[in-house]
1. Could you check region 76-90 and list, in sequence order, the residues that are open to solvent by 50 Å² or more (accessible area, probe 1.4 Å) and either at pLDDT 95 or above or touching a Leu at 6+ places or on another chain (Cβ under 8 Å) (or both)?
2. Can you tell me which residue among Ile73, Ile11, Ile65, Ile59 is surrounded by 12 or more Cβ atoms within 10 Å (Cβ to Cβ) and either modelled with pLDDT under 85 or assigned to a strand (DSSP E or B) (or both)?
3. Out of the residues in region 40-56 that are modelled with pLDDT under 95 and part of a loop (DSSP other than H, G, I, E, B), state the one that is surrounded by the fewest Cβ atoms within 10 Å (Cβ to Cβ).
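The values are calculated or read from the model by the stated rules, or taken from the named source; none is laboratory data. Keep in mind the model is a prediction, meaning the values are calculated, not measured. So basically every Cβ, Gly included, is an ideal-geometry build from the backbone, and we count neighbours across all protein chains shown. Quick note on the areas: whole protein, heavy atoms, side chains included, nothing else; ligands and nucleic acids left out. Shrake-Rupley method; radii C 1.70, N 1.55, O 1.52, S 1.80 Å.
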Amino acid sequence: MKLELDVYSTICETKMFKINGIKANYKDFGDKYDISPDKRRPNMCGNMAFKPAMPTQQILDKYGISISEYKYICEQLKACVSFGTCRLCG
């Protein structure tokens with residue numbers, strides 16, 4: 001598997017995300033949302049985090065990856081798309 005993943009240094013979005021040469025979307029692997037809305041303040045996230053979804057055969061086939069590669073991609077996304085508290089989206 002060839003994974004190309006780069007994120008912006010100040011925002012919880014992928015700048016470049018390709019798997020085996022195919023432009024990828026993090027939403028194929030899970031979702032990101034504020035997991036601590038109680039800590040939210042005006043114009044800021046409480047704790048933005050990526051939460052992986054269960055793999056589907058459709059996504060595995062789309063990118064030509066195995067379940068273990070899917071899990072690896074999810075771990076990479078958790079590490080770089082989860083962002084904690086931030087004011088950049090407000």
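1. Hit for region 76-90 is Gln76, nothing else.
2. Step by step, each of Ile73, Ile11, Ile65, Ile59 is checked, and only Ile11 is surrounded by 12 or more Cβ atoms within 10 Å (Cβ to Cβ) and either modelled with pLDDT under 85 or assigned to a strand (DSSP E or B) (or both).
3. Pro42
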